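Novice: Have a look at this one before I ask anything.
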Amino acid sequence: MNIESLGHAGLLLRDDAGVPILVTDPWVLGSCYWRSWWLVNYPSPALRAEVARARYGYITHEHPDHFHTASIRALGTSIEYLAPDLPQEHITGYLREQGYQASVLPAFTWKTLAPGVRVLSIPLLNDDSVLIVDTPSAVAIDLNDSKPSRGQIRQLRGWLDRHAPGKRRILLSSYSPASIVNSFIRHTERVTLRQKSDYVHNVCENCRTLGVDDFIPFASQVIFRRRDSVWANAFKVSFDDLRTHWRAPETRLLPPYTRIDLRDGAVSSVPPEAYNTAESDAQRKVEAQESLDATADLEDEHLEKLRRKLNASRWILAALFPRGVGFALEHTH
């Protein structure tokens, strides 16, 4: 039995015969966020075909780099999708409308996927979830980019000690920023609130707290290709940064795009020189999207929706931005 990191938040679990059992957050082609985010390495056609044969799929949350509907369409309708029991759950409704099998996975309730294989979903208050994958010889902890609190991590450690003692523990977690943390400019210079080493040290602390044997870099392997987002590439935490700042000697740091045998811990990885970036096709699509955006109209109803969205967080925004928030627009009509 093995698991394989497909890139970003995609994880594939196979049984002892090599039959795919589970895929998480499949993103196997294309881009997201208006052609801004692209994968560092796209799965080969053979690997994509394997993913399409998985019996189950789990979507951790609704962000399009995790709930990638173009990939779901490409994989076909044979996968039975599971979603966390979030307060506002829209994943299963959308999938069912599109003709897919989909159901909510009750919180903190084991679901058996195959003999000896079960999963447990832990919804979090930030509309994300953690997935625990329990197998006969190892347990995989999929944090994706859910960012549970330190107290929640300690609670999870106690739970693992009670329910999965003696098993290899594998942590899969984001390790690079994907928020407004790097979006501040002072005196024409872009500044950041956190250093790259801070992200690595946070992962190391989680590894130590959880007693993790192996860490697989996860949910952070993208290239920003639009002209208005390409600057973010300089702020990404790379695998080299992980190695440079790694401070968890009890945990083995594995490369991205790694397959690990859950019985003996043997690993194989895709070397960087073999990455498939689909670069030529990406550039053409980015340029087409940018041209389309340049002619898009922003109507009054759109502005009203934005006003309501910001108003819901007005007290937090007022504290963070006491001088107000502004937007640079080419045109509105």
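Novice: I want to confirm something. Restricting to region 256-276 and keeping residues that are open to solvent by 40 Å² or more (accessible area, probe 1.4 Å) and part of a loop (DSSP other than H, G, I, E, B), which single residue is nearest to Tyr33 (Cα to Cα)? Show your work before the answer.
Specialist: First, the residues of region 256-276 that are open to solvent by 40 Å² or more (accessible area, probe 1.4 Å): 259, 263-264, 266-276.
Cutting the leftovers down to part of a loop (DSSP other than H, G, I, E, B) gives us 263-264, 266, 270-271, 275-276.
On the way: Arg263: 38, Asp264: 39, Ala266: 36, Val270: 26, Pro271: 27, Tyr275: 22, Asn276: 20 Å.
Checking each candidate, the answer is Asn276.
Novice: Of the residues Asp240, Asp264, which is more than 26 Å from the chain's Cα centre (by Cα) and closer than 30 Å to Arg169 by Cβ?
Specialist: Details: Asp240 fails: more than 26 Å from the chain's Cα centre (by Cα).
The unique qualifying residue is Asp264.
Novice: Would you check which residues across region 214-230 are part of a loop (DSSP other than H, G, I, E, B), in contact with a Lys or Arg (Cβ under 9 Å, 6 or more places away or on another chain) and not polar (S, T, N, Q) and list them?
Specialist: Arg225, Arg226
Novice: Here is a further query. Looking at region 288-311, can you tell me whether even one residue there is within 30 Å of Pro217 (Cβ to Cβ) and touching a residue at least 12 places away in the same chain (Cβ under 8 Å)? Before the answer, list the steps.
Specialist: First, pick out the residues of region 288-311 that are within 30 Å of Pro217 (Cβ to Cβ): 289-290.
Restricting the remaining residues to those that are touching a residue at least 12 places away in the same chain (Cβ under 8 Å) gives 289-290.
Taking every residue of region 288-311 in turn, at least one turns out to be within 30 Å of Pro217 (Cβ to Cβ) and touching a residue at least 12 places away in the same chain (Cβ under 8 Å).
Novice: Determine the pairs where a residue that is open to solvent by 10 Å² or more (accessible area, probe 1.4 Å), located within region 67-87, has a partner that is assigned to a loop (DSSP other than H, G, I, E, B) and among the hydroxyl-bearing types (Ser, Thr, Tyr) with Cβ atoms under 8 Å apart, the partner being 6 or more residues away or on another chain.
Specialist: Within 8 Å, the pairs are Thr77/Tyr100.
Novice: Quick check on region 9-16. Is at least one of its residues over 19 Å from the mean Cα position of the chain (by Cα), acidic (Asp, Glu) and not in a loop (DSSP other than H, G, I, E, B)?
Specialist: The initial filter retains those residues of region 9-16 that are over 19 Å from the mean Cα position of the chain (by Cα), namely 14-16.
Keeping just the survivors that are acidic (Asp, Glu) gives 15-16.
Of the ones still in play, those that are also not in a loop (DSSP other than H, G, I, E, B) are none.
The answer is no; no qualifying residue exists.
Novice: Also, I was wondering about something else. How about region 151-167: which of its residues are closer than 25 Å to Asn2 by Cβ, surrounded by fewer than 19 Cβ atoms within 10 Å (Cβ to Cβ) and out of contact with any helix residue (DSSP H, G or I) (no Cβ under 6 Å at 6 or more places or on another chain)?
Specialist: First, the residues of region 151-167 that are closer than 25 Å to Asn2 by Cβ: 156-157, 159-161, 163-167.
After this cut, where a residue has to be surrounded by fewer than 19 Cβ atoms within 10 Å (Cβ to Cβ) as well, the list is 157, 159, 161, 163-167.
Across region 151-167, the qualifying residues are Trp159, Asp161, His163, Ala164, Pro165, Gly166, Lys167.
Novice: For region 136-150, state whether one or more residues are in contact (Cβ under 8 Å) with a residue 12 or more places away in the chain, part of a helix (DSSP H, G or I), under 27 Å from Arg247 (Cα atoms) and open to solvent by 50 Å² or more (accessible area, probe 1.4 Å). Show your work before the answer.
Specialist: The initial filter retains those residues of region 136-150 that are in contact (Cβ under 8 Å) with a residue 12 or more places away in the chain, namely 136-148, 150.
Restricting the remaining residues to those that are part of a helix (DSSP H, G or I) gives 150.
From what's left, under 27 Å from Arg247 (Cα atoms): 150.
Add one more test, that the residue is open to solvent by 50 Å² or more (accessible area, probe 1.4 Å), and what stays is 150.
Yes: one or more hits.
Novice: For region 236-246, enumerate the residues that are assigned to a helix (DSSP H, G or I) and surrounded by fewer than 19 Cβ atoms within 10 Å (Cβ to Cβ).
Specialist: Step one: list which residues in region 236-246 are assigned to a helix (DSSP H, G or I), which gives 239-245.
Once the filter is applied, which keeps residues that are assigned to a helix (DSSP H, G or I) and surrounded by fewer than 19 Cβ atoms within 10 Å (Cβ to Cβ), region 236-246 yields Phe239, Asp240, Asp241, Arg243, Thr244, His245.
Novice: To continue, here is another question. Can you find a residue that is under 22 Å from Pro20 (Cβ atoms), at pLDDT 95 or above and among the basic types (Lys, Arg) anywhere in region 153-166?
Specialist: Residues of region 153-166 that are under 22 Å from Pro20 (Cβ atoms), as a first pass: none.
No, region 153-166 contains no residue that is under 22 Å from Pro20 (Cβ atoms), at pLDDT 95 or above and among the basic types (Lys, Arg).
The values are calculated or read from the model by the stated rules, or taken from the named source; none is laboratory data. Predicted, not measured: the structure shown is a model, and the values here were computed from it. Note: ideal-geometry Cβ built from the backbone for every residue, glycine included; neighbour counts use all protein chains shown. We work out accessible area using only protein heavy atoms, side chains counted, and drop any ligands, DNA or RNA first. Shrake-Rupley method; radii C 1.70, N 1.55, O 1.52, S 1.80 Å.
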